[in-house]
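Data first, discussion second: the structure below is written as structure tokens.
The values are calculated or read from the model by the stated rules, or taken from the named source; none is laboratory data. Because the structure is a prediction, the values reported are computed rather than measured. Note that each Cβ is placed from the backbone with ideal geometry, even for glycine, and that neighbours are counted across all protein chains shown. Side chains included, ligands, DNA and RNA excluded: accessible areas come from the protein's heavy atoms. Shrake-Rupley method; radii C 1.70, N 1.55, O 1.52, S 1.80 Å.
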Amino acid sequence: MSMRKKVQKQVIRGVSAIVNTVSQAKSGTGGGESSSSEIRALCRKVGAEGIVLLKNKNGVLPLSKDRVVSVFGRVQKDWFYVGYGSGGDVNPPYKVSLLDGLRANRNITVNEELAELYEDWCEKNAPEEAFWGAWEMSYDEMPISKKTVQEAAHKSDTAIVVIGRAAGEDRENSLTEGSYYLTNGERSLLSKVCSSFRKTVVVLNCGSIMDMSWINEFDISAVLYAWQGGMESGNSVADVLSGDVSPSGKLADTIAEKYAYYPSAKFFGKWRFNNYTEDIYVGYRYFETFRKDKVLFPFGFGLSYTRFETKVTRVTHSDKTFNLWADVKNIGERDGKYVGELYLSAPQGMLGKPSRVLVAYEKTKTLAPGETQKLRLSFNLSDFASYDDSGATGNEFCYVLEKGEYKLFFGSDVRSASEVKSFTLGKTIVTERLTQAAAPDPKNPFDRLKAVTDENGKIKGVLERAPVMKVSLKDRILENLPQTLEMTYDLGYKLADVQSGKVALEDFTAQLSFDELEAITRGGYVMNNPLGAKGNAGVMGGVLPSLRDKGVPPVTTTDGPSGIRLAATCSLLPNGAVLACSFNKELIRELYSEFAKEMLDRGSDIILAPGMNIHRNPLCGRNFEYYSEDPLLSGLTAAAVVLGVQENGVSACPKHFACNNQEVNRTHNDSRVSERALREIYLKGFEFCVKTAKPKNIMTSYNKINGVWGHYHYDLVTTILRKEWGYEGNVMTDWWMRKDESHEFPGICDQGYRVRAGVDVLMPGGARTGKRKPDGTMKKSMKNGLTIGELQASAMHVLKMAMETKLSRYDFEAEKEAESKAEAEKEEL
């Protein structure tokens, strides 16, 4: 090829990247629907704010405008936009790869000859389509010679090496090369590039953290986690690399020196069960208490292109509410945002505590050089009390604040935060008296980690036996059975009469027959239900003609959280890791408020999101859609999603309740966890979300929790979620469930067992295969003690949710016309 043709081809490709990005964003591709300009801009902004800069030696970033940059690694083109499975299976209108984003950015000049080499190779070696659960976790690298790398170095002094990883639903990360560890090909590429270029930047396109022990093996100038930013990924990363946006993301997880140092390393990935031996010491709670020296990058860490000066001006408290005011000043030369993080250190006392716990965080606006903003961080001390599940403090099954000295630390990460306030409690305070719930099964005892202080005042870890369940669940259930309404059958009431206040919900429910009650406590049997938008996950509510005649609308669910999973084209959002690392509650709410408008347009009433299980272990395949190792960050991020979605009249559905912390054998695995760890870590995020945002729906998990499947777990759903937290919404299963009989009430099984637990709806409504009709287990359970009142209670939860989510928008007349037309066509055929 002549030099002239080469130049022409490079120019055409560069211009095409810009034109394609703009035209795709305007018109959409693949489904006819486009994303709004508002949601595109927000995706790009959130994607950039979630990027975490880990290293920036000698200020190599941002890239110089007048320098050419050489990009290595096939993922520059074959970018991982999202993780795998239902949480990421979205049909987006367009996708911007890193190479596209770099080319479209006016402040970046790409080495086009090298880019062309990668593009040509990628076209000839395109990744193969894989079936469910067998997706590629990384791609084989393009072979590249030392000579080619050196030729690129003659044209530019800065290189970008892109490394990509993905995992997902039914696809766990693994301790193998190409998953958690670098491949030989990636190591070889880094070695060649680092030895040839003066400046090497590594961009990590991953759904969750990977092994970072290699960071000091090579002469790397800068490292950033770009995560998986959805359809605007390439633009977001280019914005940060170019300096159009200063990085302000913070790590939502601790990065340890090696995998073996994570406290759950020996207790993760087991087939039948996992003992949560690390107990409350998850992530930084463990490392900051016991193993500070084994951390590469601490929780909350992240660099900026500018510098900030902070000054705490005041700390006040009234009752148990604390407020901290701090002046944050940009003392650098670039615009930037600062995340203020507030940590609490409690006395070890009788229970043992983590050295520090995140209690509040806030993010500034974009501050210009010299500009100052006053941040206010607030928290309720009771929210961070310790749960005494052993009676060690003399207050069994209570949340307590033990007597002793408490300290507050403020800063930009858990390690560097400095002490700003201390106070002493002269006596132990009980903040909440509860009852034992969801504790470990006495048949399956296990040990748990506890922090104790030795004679020299040093904190060390010891093992103690986790307390087991000693309350009669059978008695608890019988004492709390809901009232049965006298069945009146059809009195002509419509659900709209309830909504308008003409008829009480109880009176409307009393007219439902057994068949209607059975139907309203399950979905319409199938995914892609004809009563909803094409490609839906299933419908609930008005799944029978007689229910629709009474004004009960079919409510459509769609998979999430990275977008709406439908046949139609829908926006592909930044994944959970990006959201959490942004530490920006207001921006997340704004994104999901705009996203809710797309839900309304596409016909989605419930988005099955946010996914908010704790990052117990870095190998969990769905960490990309979950948020953090910290329950406060997880809970407030989820709350921002829920608030954004629900302020537009549709519903979010936090999931998976609870302890869905691994994908290996997820439908049968038993998460064996102490009641204290359950309440302080694995349920606490849900508690923050429920009390802050009041979601209209919640989804249970596939797994067992201390021997009981999530969809049969009375203590989780009724004792804790409803009675303790005051939740009033609908609870649904994850899709399909395991058959089982109640341990406390033999003969009450499957659907009846589920309803007795307080789980209102089976989704999508029946078995994966076979006849689409009731399985008979509800009637069988009725003969063995299940009451009509329990079905009515579940029905009222569903009806209330349907009124709030769908009723005012549903056209019953149009639906009847469509049904009549379909029936006529069927007869004609």
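Figures for the structure shown
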item	result
Residues that are open to solvent by 40 Å² or more (accessible area, probe 1.4 Å) and among the small types (Gly, Ala, Ser), drawn from region 250-267	260
Selection status of residue 744, modelled with pLDDT of 95 or more and either assigned to a strand (DSSP E or B) or over 26 Å from residue 660 (Cα atoms) (or both)	no
Answer residue from region 587-622, given it is surrounded by fewer than 24 Cβ atoms within 10 Å (Cβ to Cβ) and aliphatic (A, V, I, L, M) and is nearest to residue 539 (Cα to Cα) among those	600
Residues located in region 435-456, provided they are open to solvent by 40 Å² or more (accessible area, probe 1.4 Å) and in contact with a Ser or Thr (Cβ under 9 Å, 6 or more places away or on another chain)	435, 447
Per-region count, region 562-586, residues at negative phi and open to solvent by less than 10 Å² (accessible area, probe 1.4 Å)	16
Number of the exception - residue 309 against (1) closer than 29 Å to residue 224 by Cβ; (2) out of contact with any strand residue (DSSP E or B) (no Cβ under 6 Å at 6 or more places or on another chain); (3) not in a loop (DSSP other than H, G, I, E, B)	(2)
Residue satisfying all of: in region 215-248; out of contact with any helix residue (DSSP H, G or I) (no Cβ under 7 Å at 6 or more places or on another chain) and assigned to a helix (DSSP H, G or I); most open to solvent (accessible area, probe 1.4 Å) among these	216
Positions within region 195-250 being touching a His at 6+ places or on another chain (Cβ under 9 Å) and β-branched (Val, Ile, Thr), in sequence order	209
Test: residue in region 744-756 that is open to solvent by 30 Å² or more (accessible area, probe 1.4 Å), more than 23 Å from the chain's Cα centre (by Cα) and of a type outside the set (S, T, N, Q)	yes
First in region 399-415 and more than 29 Å from residue 725 (Cα to Cα) and among the hydroxyl-bearing types (Ser, Thr, Tyr), second anywhere and assigned to a loop (DSSP other than H, G, I, E, B) and open to solvent by 10 Å² or more (accessible area, probe 1.4 Å), Cβ under 8 Å, 6 or more apart	412/250; 412/301; 412/302; 412/338
Residue count for region 167-202, restricted to those that are touching a helix residue (DSSP H, G or I) at 6+ places or on another chain (Cβ under 7 Å), buried (at least 19 other Cβ atoms within 10 Å of the Cβ) and farther than 22 Å from residue 151 by Cβ	2
Residue that is nearest to residue 355 (Cα to Cα) [pool: residues in region 457-476 that are β-branched (Val, Ile, Thr) and in contact with a Ser or Thr (Cβ under 7 Å, 6 or more places away or on another chain)]	459
Region 477-497 residues that are farther than 28 Å from residue 719 by Cβ, paired with ones that are open to solvent by 50 Å² or more (accessible area, probe 1.4 Å) and not aromatic (Phe, Trp, Tyr) (beta carbon under 7 Å, 6 or more apart)	493/507
Any hit, region 312-320, residues being of a type outside the set (Gly, Ala, Ser), in contact with a Gly (Cβ under 7 Å, 6 or more places away or on another chain) and assigned to a loop (DSSP other than H, G, I, E, B)	no
Filter result for residue 26 (assigned to a helix (DSSP H, G or I) and modelled with pLDDT under 95)	yes
Every residue from region 498-532 that is free of Cβ contacts under 8 Å to residues at least 40 places away in the same chain, open to solvent by less than 50 Å² (accessible area, probe 1.4 Å) and farther than 27 Å from residue 735 by Cα	503, 504, 511
Filtered residue count, region 374-405, keeping only those that are open to solvent by 50 Å² or more (accessible area, probe 1.4 Å) and at positive phi	1
The one condition in (1) touching a residue at least 60 places away in the same chain (Cβ under 8 Å); (2) farther than 30 Å from residue 377 by Cα that residue 396 fails to fulfil	(1)
Lone unmet requirement of (1) in a loop (DSSP other than H, G, I, E, B); (2) surrounded by 24 or more Cβ atoms within 10 Å (Cβ to Cβ); (3) not β-branched (Val, Ile, Thr) for residue 270	(2)
Selection count, region 326-369, where residues are among the aliphatic types (A, V, I, L, M), in a loop (DSSP other than H, G, I, E, B) and in contact with a Phe, Trp or Tyr (Cβ under 8 Å, 6 or more places away or on another chain)	2
Residue within region 94-113 that is at pLDDT below 95, under 28 Å from the mean Cα position of the chain (by Cα) and acidic (Asp, Glu) present	no
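Conditions (1) in a loop (DSSP other than H, G, I, E, B); (2) aliphatic (A, V, I, L, M); (3) over 19 Å from residue 203 (Cα atoms); (4) within 20 Å of the chain's Cα centre (by Cα), marked per residue:
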{"residue": "40", "(1), (2), (3), (4)": "no, no, yes, no"}
{"residue": "53", "(1), (2), (3), (4)": "no, yes, no, no"}
{"residue": "62", "(1), (2), (3), (4)": "yes, no, no, no"}
{"residue": "78", "(1), (2), (3), (4)": "yes, no, no, no"}
{"residue": "117", "(1), (2), (3), (4)": "no, yes, yes, no"}
{"residue": "121", "(1), (2), (3), (4)": "no, no, yes, no"}
{"residue": "129", "(1), (2), (3), (4)": "yes, no, yes, no"}
